[in-house]
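One structure below.
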Amino acid sequence: MDIPYTSTPRPDTGLFNAKVGIWLFLASEVMLFGALFPSYILLRVGAAPGDWPHGLLNVWLGMTNTIVLIVSSITVVMAWASLKMKDFGKFRKYQSVTLLCALCFLGIKSYEYHDKFTHYEVQLNDGTTVQVKDDKGTSDVQLKSNGVLDGHILERDADKLVIHGEIVDKAAQAKVTHAWQASEIPEVEITVKKADIKYMENYGPWHNTYTAIYFTLTGLHALHVIGGSIVIFFIWGPLAGMWKTDPERYTNRVEVSGLFWHFVDLVWIFLFPVLYLL
């Protein structure tokens, strides 16, 4: 039994079955992300002045991922156009670039996630003086009571932590003695006694409202990238034999997977400015 309208358009919609299905599916996806984006906006607008964090994300990495996905959208279109021109070889090359872009995107995003889980905010009990180590010797850094140490933990001992990072003071720049300026030591090693630590937590989704919605939005988007990549890979590789038996249907499958990929790219184009720039 043959399934009708797999290659030819339906008389009622003018589209073949798979294309009708993908548009219905994308409509549900719009409703999903359409609920998450307003939630973020309400949380952002409702936050108390000065409480919403800034500078936690690397804008250049986000911009790189944006460019990577834009390039992948172009190669998806070129791959589909190559099949329309009966050039299967070019289709394979263009879709190879698409898959490489997807891997690149996921690699960069994994690096960003790893950085958040290994980066800590450490608050001290009071304005304790901690030690900064460098080649010149040891110097004191005076933190106010609301000062924060921010960085990666290098060593864990029974009674102390060695943190590699930068000194952050929410009220003012940290005062560095011995004629040092805070701007001149963006990266330092700081030894902190555990008894002096009031609070310590990495920047995972539990850290604050911002990181919670950041991981929710970008994590959901990453799952879509993984799912789209798997579909594109199977059409590109294991299912490529259909090009010889039913080229029109094979081309339609490539078009449908491309529509989903364009949606994934479009979502990121909204995510980048909302999360990284605002």
By how many nm would the segment from LEU239 to ALA48 lengthen if fully extended, with 0.36 nm per residue of separation less the alpha-carbon distance? 63.4 nm
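In what sequence, highest mean first, do 91-103, 152-164 appear when ranked by Cβ atoms within 10 angstrom? Please report the intermediate quantities before stating the final value.
Working: 91-103: 19.2, 152-164: 13.5.
Answer by packing, highest mean first, reads 91-103, 152-164.
R0 = 22 Å: FRET efficiency of MET78 with LEU26, Cβ-based, nearest 0.05?
0.55
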Selected from GLY107, TRP60, LEU42, residue furthest toward positive end of dipole (the stretch 42-114; charges at beta carbon): GLY107
Backbone HN-Hα couplings from phi across the stretch 221-234 [Karplus 6.51/-1.76/1.60, Hz, Gly and Pro as x]: 5, 4, 4, 5, 4, 5, x, x, 5, 5, 5, 4, 4, 5
What is the set of long-range amide H partners of LEU124 at a cut-off below 5 Å, with H atoms built 1.01 Å from backbone N? LEU149, LYS198
Computed ³J(HN,Hα) along the stretch 69-77: with the Karplus parameters 6.51/-1.76/1.60, θ = phi - 60°, integer Hz and x for glycine or proline, the list is 5, 4, 4, 5, 5, 5, 5, 4, 5
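Where a number appears in this text, it was derived from the coordinates with a stated rule and is not lab data. All of these numbers come straight from a predicted model, not from anything done at the bench. All Cβ positions, even for glycine, are placed from backbone atoms using ideal geometry, and neighbour counts span all protein chains on display.
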